[in-house]
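See structure below.
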Amino acid sequence: MEILLLRTALAPSLVLLVSVVARRSGPRRGGLLLGAPTTSGPFLLLIWLSGGSAAAAHAARGNVAAQLVVAAFCLAYGRLAPFLRPARTLTAAVSCAAAAGLIAALCTDVWLTAASALALAFAGLRAWPAPAPAHRPQRAVRSWEIPVRMAVSATTVLLAVHAAAALGSFAGGILAALPVLLAVMAPSTHRATGAQAAAAMMRAALTVTPATLAFLLTAYTAFAASVTTR
């Protein structure tokens, strides 16, 4: 119950925070918040408290696998945004992320999965010049837009948590770190501020991938070592 409440509350709260930060400080800072392990950290803590080190290690391995999905989504959306409308860009990015998710789910070695995510992130960033600052003025946010973003993120996370409860901690770890918030914020930013702003947000989220992976691998190693020493 605590995990369900935490995940359901964190997602819309983070959407609200990112919406405010992106509007006041620019999409890049919003992207940095989206890429950080803002929800994965508390999720792993609650898994550890409720299920022990073994369950937490499996969940952390799932979180690592999901970073390959996150990297694929950010790279696909950011590179395609200047050429496609938000809905088509989102569809293409979700398709790329789904393919990456299948690869991550089939890979049993956490270190190989992490290396694949890092390689994708570094290769993507190296071949992707930083987008030029967006000069398009932000349109006024309608009063219902942010609440709808929050509701969509909360509903999606709620469904993911229920699915994770049935599928186990590894699947729960993957579902917990899926780019749900990115999928909510990217098209919203794309429509409100333009393709360059959306691309800047996705690129910023991608730059955080190595740090997020380092955090998750450290957590995985600590949990796994705790299980081994018992």
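The values are calculated or read from the model by the stated rules, or taken from the named source; none is laboratory data. Treat the numbers as computed from the prediction; the structure is a model and nothing was measured. Cβ atoms come from the backbone with ideal geometry, glycine included; neighbour counts cover every protein chain shown. Calculation scope for accessible area: heavy atoms of the full protein, side chains included, ligands and nucleic acids excluded. Shrake-Rupley method; radii C 1.70, N 1.55, O 1.52, S 1.80 Å.
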Exactly one of Gly78, Gly30, Gly26, Gly35 is under 21 Å from Leu125 (Cβ atoms) and touching a Lys or Arg at 6+ places or on another chain (Cβ under 6 Å), and that residue is Gly78
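Residue by residue, here is whether (1) closer than 14 Å to Pro179 by Cα; (2) surrounded by fewer than 20 Cβ atoms within 10 Å (Cβ to Cβ); (3) at pLDDT below 80 holds:
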position	(1), (2), (3)
Leu49	no, yes, yes
Ser53	no, yes, no
Ala57	no, no, no
Ala71	yes, no, no
Cys74	yes, no, no
Gly78	yes, no, no
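Condition check ((1) farther than 22 Å from Thr228 by Cα; (2) within 15 Å of the chain's Cα centre (by Cα); (3) assigned to a helix (DSSP H, G or I); (4) not polar (S, T, N, Q)) across all residues:
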site	(1), (2), (3), (4)
Trp48	no, no, yes, yes
Gly62	no, yes, yes, yes
Ala66	yes, yes, yes, yes
Ala71	yes, yes, yes, yes
Leu75	yes, yes, yes, yes
Ala104	yes, yes, yes, yes
Trp111	no, no, yes, yes
Leu125	yes, no, yes, yes
Looking at this structure, is Pro137 modelled with pLDDT under 90, open to solvent by less than 60 Å² (accessible area, probe 1.4 Å) and within 23 Å of Gly194 (Cα to Cα)? no
From the set of residues in region 20-38 that are within 16 Å of Ala205 (Cβ to Cβ) and at pLDDT below 70, which is most open to solvent (accessible area, probe 1.4 Å)? Ser25
